[in-house]
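Everything below concerns the one structure shown next.
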Amino acid sequence: MLNEITWEQFFLALGILFTTYYLYVALRCFRKDLASKMELKIPSKKKGEKPETSIPLSESQFAKAFGELEMLNADLRENVIPAFARSKDKKVLFGVYISFFICLES
């Protein structure tokens, strides 16, 4: 039975199977990325999901919020990152980031 299949037929079938598989994986896993590149809207499958809300800000409110973000960024760059940048333990660095943001909220 295997003698009836040529190498050309074998590689053609293998190529079709691989192409089909990778197209399926690409469409299944990267559906949203591909749709955004093609500028398509894909409806969400989650029921009861709340739509995104945006809050309109005035120029002064935006400037204030952006200023706060800039101060946080500067604080991270000056204090947190240099203190633990040489640490080989990434869990410690992550813990510092988390504790920094918890302190900001309180």
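List of remarks:
- Pairs meeting the criteria (first residue in segment 6-27 and more than 26 Å from MET38 (Cβ to Cβ), second residue of a type in the set (Val, Ile, Thr) and surrounded by 10 or more Cβ atoms within 10 Å (Cβ to Cβ), beta carbons under 6 Å, at least 6 apart or on different chains) are lacking.
- Annotation: of all residues in segment 4-55 being polar (S, T, N, Q) and under 21 Å from the mean Cα position of the chain (by Cα), the one that is modelled with the lowest pLDDT is SER44.
The values are calculated or read from the model by the stated rules, or taken from the named source; none is laboratory data. Small disclaimer: the values here were computed from a predicted structure and weren't measured. Quick reminder, even Gly has a Cβ in these numbers, built from the backbone with ideal geometry, and neighbours come from all protein chains shown.
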